[in-house]
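Notes follow once the structure below has been shown.
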Amino acid sequence: MFQQFIEVVLEFLPFWAVAYGVNVFLYFATGWVLVQIQNRHPERRIQPNRRGEKRMWKEIRQSVFSLTVTAGCIAGGVFASYKGWTLVAPLPLTWWSAILMFVVSIVAYDTWFYWGHRLMHTKLFYRFHAEHHRAVAPTVWSTYADDLVDAFVMQSYYLLAVFVLPIPAVVLIVHRLWDHFNGTIGHSGFEFYASPMSRLPSPMVCVTFHDQHHSRFRYNYANFFSFWDRVCGTIDPKYDQQVKVFEKMGEAEDSKAPAAGE
């Protein structure tokens, strides 16, 4: 029995190593690219009087550490699917099943994230979430600056989803990649994406959404959408208005830009 366990662990380790390597690479690569863009547009900083970059090296060290858990969750989900351990078999991979299960997984994860995030803000669990909230003005380096327990609560969706959803492993991986880019941009602290599509009546959000969660603490718990926050009354009362402010800023910049051919 013990020998079988060791064999399974040894079979799993390459899955984890690949997942960890890809996650760490994307963490640094995405962060570096976004910082280059942000340095050219200081006026887009959401919290102009705070400099979250002061915590960069602490957040990088914590992120590299916590990504061991994130990698373990996505690798575990893929491994369980590969071994056929799931309660439901994944759908055959076709264009329609890929689109369908990607949408289903995104919606399911947003629900998981909202309620898991609310749980981490309770008195019992906040001690595990406090590390992440040291970033009052988040940056790209804050994305994975989590306690290990916090990382597991938020990322274990990728480990468990394959057991109850017929999601092909490839789609789960694409979802995780989408979540990485969304999360890194969402923590960037610079607003480039404000538009009518990121405020009421649209359920979509922009960078301001999660930035307000860090600066105001008790609002905006969801990840991809504002639906659960609006339904449960946890949307920041200033969110839609602040989005409009950044919209006007973008419109003003567009009006100043030279027309094509000038």
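The values are calculated or read from the model by the stated rules, or taken from the named source; none is laboratory data. All values reported here derive from a predicted model rather than from experimental measurement. Here Cβ is always computed from backbone atoms with ideal geometry, including for glycine, and neighbour counts include all displayed protein chains.
Here are a few things to note about the model shown:
- Neighbours by Cβ (under 8 Å, 6+ apart or cross-chain): first from the stretch 109-123, closer than 16 Å to ASP146 by Cα; second hydrophobic (A, V, I, L, M, F, W, C) and assigned to a helix (DSSP H, G or I): PHE113/MET154; GLY116/VAL153; GLY116/MET154; HIS117/MET154; LEU119/VAL153; MET120/PHE128; MET120/VAL153; MET120/MET154
- Residue list for the stretch 190-219, restricted to those being at pLDDT 95 or above, within 26 Å of HIS129 (Cβ to Cβ) and either part of a strand (DSSP E or B) or among the hydroxyl-bearing types (Ser, Thr, Tyr) (or both): PHE190, SER198, MET204, THR208, SER215, TYR219
- Scan of the stretch 26-66 for residues that are closer than 22 Å to MET249 by Cβ, among the charged types (D, E, K, R) and in contact (Cβ under 8 Å) with a residue 24 or more places away in the chain, ordered by number: GLU43, ARG44, ARG45, ARG50, ARG51, GLU53
- In the stretch 112-126, of all residues being within 15 Å of the chain's Cα centre (by Cα) and over 17 Å from ARG176 (Cβ atoms), the one that is surrounded by the most Cβ atoms within 10 Å (Cβ to Cβ) corresponds to TYR114.
- With respect to the conditions (1) buried (at least 19 other Cβ atoms within 10 Å of the Cβ); (2) more than 16 Å from the chain's Cα centre (by Cα), SER195 falls short on a single one, namely (1).
- Filtered residues of the stretch 134-166 (kept if assigned to a helix (DSSP H, G or I) and either under 11 Å from GLU59 (Cα atoms) or among the basic types (Lys, Arg) (or both)): ARG134, VAL140, TRP141, SER142
- Single residue of the stretch 201-228 satisfying the filter (surrounded by fewer than 23 Cβ atoms within 10 Å (Cβ to Cβ) and of a type in the set (D, E, K, R)) that is nearest to VAL140 (Cα to Cα): ARG216
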